[in-house]
């Protein structure tokens with residue numbers, strides 16, 4: 001089997017990856033057997049991932065990325081590329097606003 005045992009660390013909960021793995025399979029209208037063919041695992045291995053017994057390894061994630069044109073960030077963090085770009089744009093806008101407000105405050109203090 002090309003999966004590894006589920007591990008929890010202080011900062012990560014790998015069960016979320018398993019949830020998104022299952023969600024992606026369902027969104028693509030695939031059976032566990034069909035998903036197994038896509039990622040090169042057995043149907044029972046897909047079931048084990050979806051039941052949070054195992055976490056898909058990087059090779060499986062790479063196959064998902066290639067087949068479904070998804071970003072690794074979606075599987076790992078739950079954020080799709082568009083969401084990440086929107087966050088970057090919002091961050092840039094907030095930095096500009098902060099710089100503008102800092103200038104206003106500096107003028108008021110003088």
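Values in this text are rule-based calculations from the coordinates and carry no lab data. Bear in mind the structure is a predicted one, so any value in this text is a computation, not a measurement. Don't worry about glycine lacking a Cβ; one is built from the backbone with ideal geometry, like all the others, and counts go over all protein chains shown.
Observations, loosely collected:
- Estimated distance in nm for a label pair at residue 73 and residue 110, the labels positioned 7 Å out from Cα along Cα-to-Cβ: 3.8 nm
- Taken along the Cα-to-beta-carbon direction at a fixed 7 Å, the label points for residue 15 and residue 34 span 2.8 nm.
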